[in-house]
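Participant: First the structure, which I've put down as structure tokens, then a few questions once you've had a look.
Taken together, the values in this text are just the output of simple stated rules run on the coordinates, not laboratory data. Bear in mind the structure is a predicted one, so any value in this text is a computation, not a measurement. Don't worry about glycine lacking a Cβ; one is built from the backbone with ideal geometry, like all the others, and counts go over all protein chains shown.
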């Protein structure tokens, strides 16, 4: 009987992570972009041997026009994740209070971005989700009002205008309001 082996690797400076899952067997090259490749050899009830080859240059960007999962933040302050009942499931960013934020590194804002879509759920109170560049008090490029949806599991998508975003930045999604502001599953600039 074959089992599944999972492995996670991080650079000493914490800048990159690789998670690989495979069934035991002969060494298999696993390419993960750039010049980095990993060869995993796993034997049942034995440790795995990992051989790194190539280099990492740390040069990645996230296209702002793709759907960015809120739970894929690089850093967070005051927020937690939880399972979501929104389309496709997964995790959302939850338990937001005033000033809480999530950071998304190296977001590439191409020219022509004028709006942002955010699916939200909120039960009782209103609040705002602001998008700032390079810091929680950095340049404000847009915001959306968090509507009352009538239930913690009732999702609705709201849109808001965006201006002044161009180039690659660390994006801060900052919650404004009182306590229990709401949850975010994903966002997408357009």
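Participant: If neighbour count is taken as other Cβ atoms inside 10 Å, put 117, 86 in order from fewest to most.
Facilitator: 117, 86
Participant: Also, I was wondering about something else. Rounded to two decimals, what is Rg over Rh for the stretch 64-190 when you use alpha-carbon atoms and the Kirkwood radius?
Facilitator: 0.93
Participant: Computed FRET efficiency, Cβ-Cβ of residue 168 and residue 77, R0 35 Å: what is it to the nearest 0.05?
Facilitator: Using R0 = 35 Å, I get an efficiency of 0.95.
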